[in-house]
1. Taking H placed 1.01 Å from N in the peptide plane, check which residues at least 5 places from T211 or on another chain put their amide H under 5 Å from its amide H.
2. Each residue of the range 69-81 in order: what ³J(HN,Hα) in whole Hz does its phi give by Karplus 6.51 cos²θ - 1.76 cosθ + 1.60, θ = phi - 60°, with x for Gly and Pro?
3. Using the Kirkwood radius built from alpha carbon pairs, what does the Stokes-Einstein equation give as D for the range 85-211 at 10 °C and 1.306 mPa s, in µm² per second?
4. Which entries in K186/K223; K75/K186; K75/K223; K173/K291; K54/K173 show an alpha-carbon gap greater than 24 Å?
5. With a 10 Å radius around each residue's Cβ, average the other Cβ atoms per peptide and rank 130-141, 236-247, 80-91, highest first.
6. Please work out the C-alpha center-to-center distance from the range 179-241 to the range 77-108 and express it in whole Å.
7. If the viscosity is 0.692 mPa s and the temperature 37 °C, what Stokes-Einstein diffusion coefficient in µm²/s follows for the range 16-125 when Rh is the Kirkwood radius over Cα pairs?
8. Once amide H atoms are built 1.01 Å from N in the peptide plane, which residues 5 or more positions from L125, or in another chain, come under 5 Å H to H?
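Rule-based calculations on the coordinates, nothing more; no lab input. Since we're looking at a predicted model, the values are computed, not measured. Every residue, glycine among them, receives a Cβ derived from its backbone with ideal geometry; neighbour counts consider all protein chains shown.
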Amino acid sequence: MTNTELRTDRSDRSTAPDESLRPLSTRAPVRATPLRRGERAPGTPWIIVRLLGKGGVGEVFEVEHALLGRRAALKVLLPANAERHALAARIADEGRILARVRHDNLVDVLDLGLLTDDGRPYLVLELLEGRDLRAELARIGVLSVPTTLTLASQILRGLGALHRAGFVHRDIKLENLFLCDDGRAKILDLGAAEPASGCEGPGARGASLGTPRTMAPEQFEGKPVDGRTDLYALGLVLYELVAGRGPFDDIQDLDALRFAHLDRIPAPPSCFAPQPIPAALDAWILRALEKDPDDRFASAEAMAAEIPALVAPLYAPTARADEITTPSAFYSDVSRPPPEPTRRMVVSALAIAALAAGLAGGRLLGPRSFFGGVVNDPIDARSV
Ligand SMILES: Nc1ncnc2c1ncn2[C@@H]1O[C@H](COP(=O)(O)OP(=O)(O)O)[C@@H](O)[C@H]1O
Ligand SMILES: [Mg+2]
């Protein structure tokens, strides 16, 4: 099974498009015309430059303003989804939630409208330079512990803002998190977002949405969701960032995956990680992955509050290397570097020595040359 999305509002073809978008177009959606490079998105001042990415709902293009020359990102419903009015309404909801909850770690929205030829809704978003975390992981294998904690800290800030505003993202996954070239992390794709249980606002459409591989137990069970649902999904993201795989990647069948999320205790990330993982980091990630939301962190802020304590030992001159959980497989890997592309993922014997030296010298967040040879690291030294 692929990392495809579960969108149970699929059958909702007869639902009218969002009423408040109607004045923007007098026509119901007709057969969608794909957008072409060098041409304007119909009815907009935006010229298509190139395709940036595609998800289950939309496609995102880099665009240039015909008069101002300014660049942006244009997200439009996939042509194949043109008649799925519930998905069209979700793009509008996504725009409205982003307009309401503006934060440095959430992508910013500039405009919302309907293409004049086929009525597909579009959003104009700030153009992000960099790549989503799925692409980043494909490029370098795993992220180092300090980098992962830096990203976690930023993503938790964005999630905290979203949750405080009363929304749950519901589809936190590598593809929906963006690492900008300047080191900032941004949360994307609020197409599945909805008001947290007990809250009101855009996105309240009563459909069960998400991506099975990264869905929390309560999502599988159709129970009410709140911010802790996103913390579970973030736990899976962080697991994969440091371990190079998720806890249930061995499972392909949807029912078995559901069972795993509901009942199987995940092995700690250190079991699979090709790099040393501090025991406290194992425990932190596993707490986010508790089956019962009451056993997880109470909020994004509570989860973020533990990050300094995870980072401090990485700097402490007295830290002992044996406080780092190291999988036994790790030792068999170090004598003979494996062939590409695995080599990039595996920490070498030198890395153990370097890590120990780093711990002893308090230089774990040192220059790229120090840690870059261990695990390719997209971010140079940054504070958490
Ligand atoms: N503002 C943006 N700037 C640059 N790339 C983006 C931007 N928004 C989305 N992308 C890219 O496009 C992909 C699909 O966008 P997303 O909003 O997740 O669409 P979908 O709702 O179809 O999943 C993302 O995974 C990302 O790689
Ligand atoms: Mg997406």
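1. Close amide H contacts, sequence-distant or interchain: L6.
2. x, 6, 9, 8, 10, 10, 9, 10, 4, 4, x, 5, 9
3. Reported coefficient: 104 µm²/s.
4. From the list (K186/K223; K75/K186; K75/K223; K173/K291; K54/K173), the Cα-Cα distance tops 24 Å for K186/K223; K75/K223.
5. Values: 130-141: 17.8, 236-247: 23.6, 80-91: 21.8.
Packing proxy ranking, top to bottom: 236-247, 80-91, 130-141.
6. 14 Å
7. On the way: Rh = 13.9 Å.
In µm²/s, the coefficient is 236.
8. Answer set, sorted by chain and number: A73, L74, K75, L110.
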